[in-house]
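A quick write-up on the structure given underneath.
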Amino acid sequence: MSTIYILWLRQIKRYLRSKSRMIGSLGQPILFLVALGFGFGPIFKKAGGGNYMQFLAPGIIAQGILFTAVFSGIEMIWDRQFGFLKETLVAPVSRFNIMLGRTLGGATIAMVQGFIIFLLSLIVGFRPTSFSGILFSIIIMFLMALFFTGLGTAIASTLDDFHGFQMIMNFLVMPLFFLSGALFPLNNLPGFIDVISHLNPLTYGVDGLRATLINSSHFGLGMDFLVLTFLSVIILAIGSYLFSKIQV
């Protein structure tokens, strides 16, 4: 347990030291909130959808968590390139503990990032329906962060090249975001898009945030929680296996 805690703390300290990374990662979510929230708000309202900012904000919070979580895997490639990972792997500790500590650290950072975006959304007009809902939303944020950090770690475990990781992540991240219902309702979608959306893990994170923050859900909070928990366990198992195969 001490190994997990040390690696968890190390990930957080590394992130806190990189102030430019902290600020830069907020740029895109703020742009989406302001440009889409105010730009499409009147159109969404005329179409009978209500307040678009209320609908959009949970999706943008999920976006911030997604981007921060999956790209945390690039730190492992960085450590691998410069020999820091080798020093950790040759230590007499379980590789599962090493992987879990790094993943929990990345997930904590992504969750905090999501909560910061939530606070920023309050400034531009988003209003959650209840305080208790905010507490439950933090659980959903953490499960999302845990799954996508585990996904980034699993993919990074099979690569040793920055460019390859970025290409794969860009190929995955944007479709995951745009087909999650973060920007548009999931009702009455074309058949193939509806199927993809139901298979998209981020869809359940976005829906869970809407359920807890604005009391509106497509699948139901219970289903969102179960799916995210199940997927997190699966990706941790896969990530642990791939991490154990890294050659030092």
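Coordinate-derived values only; no laboratory data. All figures in this text were calculated on a predicted structure; none of them were measured in a lab. Virtual Cβ from ideal backbone geometry, glycine too; neighbours counted across all protein chains shown.
Can you compute the modelled spin-label distance between residue 131 and residue 174, with each label point 7 Å from Cα toward Cβ, in nm?
Distance between label points: 4.3 nm.
Let me spell out the model: positive unit charges on the Cβ of Lys and Arg, negative unit charges on the Cβ of Asp and Glu, origin at the Cα centre of the chain. What dipole size does that give, in debye rounded to 20?
The dipole of the chain has a size of about 520 debye.
With a 10 Å Cβ neighbour count serving as the proxy for reagent exposure, in which order, fewest first, do 210, 80, 10 appear?
Ordered from fewest to most neighbouring Cβ atoms within 10 Å, 210, 80, 10 come out as 10, 80, 210.
Say each of residue 192 and residue 95 gets a label point 7 Å from the Cα, pointing the same way as Cα to Cβ; how far apart are those two points in nm?
3.9
Step by step: find N for the range 2-244, compute 2.2 N^0.38 Å, then divide the Cα radius of gyration by it. What's the final number?
Here the answer is 1.02, to two decimals.
Given 0.36 nm per residue, what is the gain on full extension from residue 6 to residue 122 after removing their alpha carbon distance, in nm?
Contour length minus the Cα-Cα distance gives 38.4 nm.
Tell me, what is the FRET efficiency for residue 31 and residue 51 to the nearest 0.05, using R0 = 22 angstrom and their Cβ-Cβ distance as r?
0.65
If I model a spin label at residue 158 and residue 229 as a point 7 Å from the Cα along the Cα→Cβ vector, what separation in nanometres do I get?
Reported label-point gap for residue 158 and residue 229 is 2.9 nm.
So, by mean Cβ neighbours within 10 angstrom, what's the order for 99-108, 215-224 with the highest one leading?
99-108, 215-224
Go ahead and run the numbers for FRET between residue 219 and residue 167, Cβ-Cβ distance against an R0 of 22 Å, rounding to 0.05.
For residue 219 and residue 167, the calculated efficiency is 0.10.
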